[in-house]
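The values are calculated or read from the model by the stated rules, or taken from the named source; none is laboratory data. Predicted model, so just to flag it, every value in this text is computed and none were measured. Glycine gets a Cβ as well: all are built from the backbone with ideal geometry, and neighbour counts include every protein chain shown.
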Amino acid sequence: MSSTPDRPGGSEDPFAVAEALQSVVRDTAAIEREAPAERITEAIGADDGRRDTVVLDEEMLGRRETVRVPTQRRPTPGRRAPLPVAALFATLWAALLTYLPVAAVIGLARTLEGSGGLAGAAHAGLAGWMLGHGVPIGTSIGPLALAPLALTGFVLWRLNRAGLHVTRAIGARRTGSIPRAILVAVVVGCAYALVGALASILVDGRGTEVSTGVAASRFLALGVLGSLVGALRGTDAISVLARRAPPAIRHGLRSGVVAAFLILAAGAVAGGLAVALGGAQAADIIAGYQTGVAGQAGITLISIGYAVNVSIWAAAYLLGPGFALGTGTIVRLTEVAVGPPPMLPLVAGLPEGPVGAIGTLLLACPVIAGAVAGWALTQRLRFGRDSAWRAARRAGKGSAAVVEPRWSLLVTSGLFAGPVAGVALGVLAWLSGGAVGSGRLARIGPDPVQTGVVAALVVAVSVTLGATATRAFFRRS
């Protein structure tokens, strides 16, 4: 960048630049035509004799519209919301946002089909909303305890946001305080338990039986869990915990979670593909209800609410233990023994029998998922949070040599990732199952113990092999 006599050395200091620019403007205005050679100037691209002039009209400028430039909002010191008030408001808002979609879907179907008014729709929507929290609903056919995990995930997300908003409201944002994050989670959980107890009182009766104690405990657990994640993020205490944890545990925890989600993604793809291939059967099941367009739309939305459950069941199917669709039934790669399945569109993708030798290749899907998580572990240890592909390209262009991770760290992290993934998938398998009545469908879903143990073994071996093979391949290349 060229410099002028008023800007010595091309200084980048903002105050020096401003002074130099003002000096240039003043000197340009004061140039005498008799001695133009006394000042050194740079060519701008136009002759001074043909330079345009502008006449400033102060009245016209005064009538022009002005725009106020927004500035970043900063919390006012000394004005913080009380914790109980902030927690109660955020909890009620999260409950309202999660209840309204359920009530709207169920209410639309019931109203258009002439099966009750707004009061009945609100009551049925509240029962379905509580079922999404894992609260069993007593009906005339027995307990209904199969929670739609898609709704459960939505509830946890809103509670996560509630914990984050409460953290900001009380002025604990980015303080790194773990006790304050726990306090926020406990207060939000208690407020949510009160909401659950009140909802159970409103739902109990008229063909639906709900235990107030069970409802309060389930709402308390979800409230504490969901808001704790948001509070830890808001206070930045999660970074403090990550720095305090040993490297093997920190990287093993992350790799185990990644492997579990990759296995669930493989299950979702397999389940979605199976339902798509059985689309004709699913259409016949929906048409068999003979409830009209609104009723069929309601059945479809209910099936979407259980899509996460089906993904977990498909993941258990790929792992080997499989899942049950009733008492005395089993669906796995090597054995299929089911009775008349429930009339739901999601069962259209059920296998008709055990797969052959080629079908056993599906068992490689969880192994591949674990190997990908191991590859990601090695790449993160090499390049940190940077993109592994960008860092690898820069390394090939002559940048600094990549520091290889220790073999002991790779092996320890990979082995620790197995129990993490096993616990995660076992808990999800337990949450995805339940009962639909007290008859043949009293047991639905995978076995959580078998699913967790198999997942732990598969992920521990595959992540360790993937991580070590990635490091060894890099050394040879």
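Going residue by residue through the stretch 202-218, is there one that turns out to be in the same structural domain as Ala94 (by TED's automatic domain parsing), in contact with a Phe, Trp or Tyr (Cβ under 7 Å, 6 or more places away or on another chain) and either closer than 15 Å to Leu83 by Cα or crowded, with 24+ Cβ neighbours inside 10 Å (or both)? Checking the stretch 202-218: not a single residue is in the same structural domain as Ala94 (by TED's automatic domain parsing), in contact with a Phe, Trp or Tyr (Cβ under 7 Å, 6 or more places away or on another chain) and either closer than 15 Å to Leu83 by Cα or crowded, with 24+ Cβ neighbours inside 10 Å (or both). When residues in the stretch 176-188 are screened for being surrounded by fewer than 17 Cβ atoms within 10 Å (Cβ to Cβ), in a helix (DSSP H, G or I) and of a type outside the set (A, V, I, L, M), 1 of them pass.
Within the stretch 57-115, the set of residues being modelled with pLDDT under 70, under 18 Å from His165 (Cβ atoms) and in contact with a Gly (Cβ under 7 Å, 6 or more places away or on another chain) comprises just one member, Pro75. Condition first: in contact with a strand residue (DSSP E or B) (Cβ under 7 Å, 6 or more places away or on another chain) and of a type in the set (S, T, N, Q). Now tell me which residues in the stretch 205-251 satisfy that. Within the stretch 205-251, just Thr208 meets the criteria. Taken together, the residues in the stretch 332-372 that are assigned to a loop (DSSP other than H, G, I, E, B) and more than 28 Å from the chain's Cα centre (by Cα) amount to 17. Put simply, of Ala215, Ala245 the only residue that is free of Cβ contacts under 8 Å to residues at least 60 places away in the same chain, touching a helix residue (DSSP H, G or I) at 6+ places or on another chain (Cβ under 9 Å) and more than 14 Å from Val184 (Cβ to Cβ) is Ala245. Would a scan of the stretch 204-211 turn up a residue that is out of contact with any Ser or Thr (no Cβ under 7 Å at 6 or more places or on another chain) and aliphatic (A, V, I, L, M)? The answer is no; no qualifying residue exists. Taking the conditions exactly as written (modelled with pLDDT of 90 or more and within 19 Å of Val461 (Cα to Cα)), does Leu253 satisfy them or not? The answer is yes for Leu253.
Take the conditions (1) modelled with pLDDT of 90 or more; (2) over 21 Å from Ala456 (Cα atoms); Asn309 misses just one of them, which is (2).
The number of residues in the stretch 305-331 that are outside any helix (DSSP H, G or I), out of contact with any strand residue (DSSP E or B) (no Cβ under 8 Å at 6 or more places or on another chain) and of a type in the set (Val, Ile, Thr) comes to 1.
Sub-7 Å Cβ pairs linking a first residue in the stretch 144-162 that is within 15 Å of Val195 (Cβ to Cβ) to a second residue that is of a type in the set (S, T, N, Q) and crowded, with 20+ Cβ neighbours inside 10 Å, at least 6 apart or interchain, are Val155/Thr98; Arg158/Thr98; Leu159/Ser227; Ala162/Thr91; Ala162/Ser227, ordered by first then second residue. For the condition buried (at least 17 other Cβ atoms within 10 Å of the Cβ), of a type outside the set (Lys, Arg), in a helix (DSSP H, G or I) and out of contact with any Asp or Glu (no Cβ under 9 Å at 6 or more places or on another chain), Gly223 qualifies. Scoring Ala191 on the criteria (1) surrounded by fewer than 23 Cβ atoms within 10 Å (Cβ to Cβ); (2) within 30 Å of Thr139 (Cβ to Cβ) leaves a single failure, condition (1).
Could you tell me whether Ala373 is at pLDDT 90 or above and either of a type in the set (Val, Ile, Thr) or under 30 Å from Pro148 (Cβ atoms) (or both)? It is true that Ala373 is at pLDDT 90 or above and either of a type in the set (Val, Ile, Thr) or under 30 Å from Pro148 (Cβ atoms) (or both).
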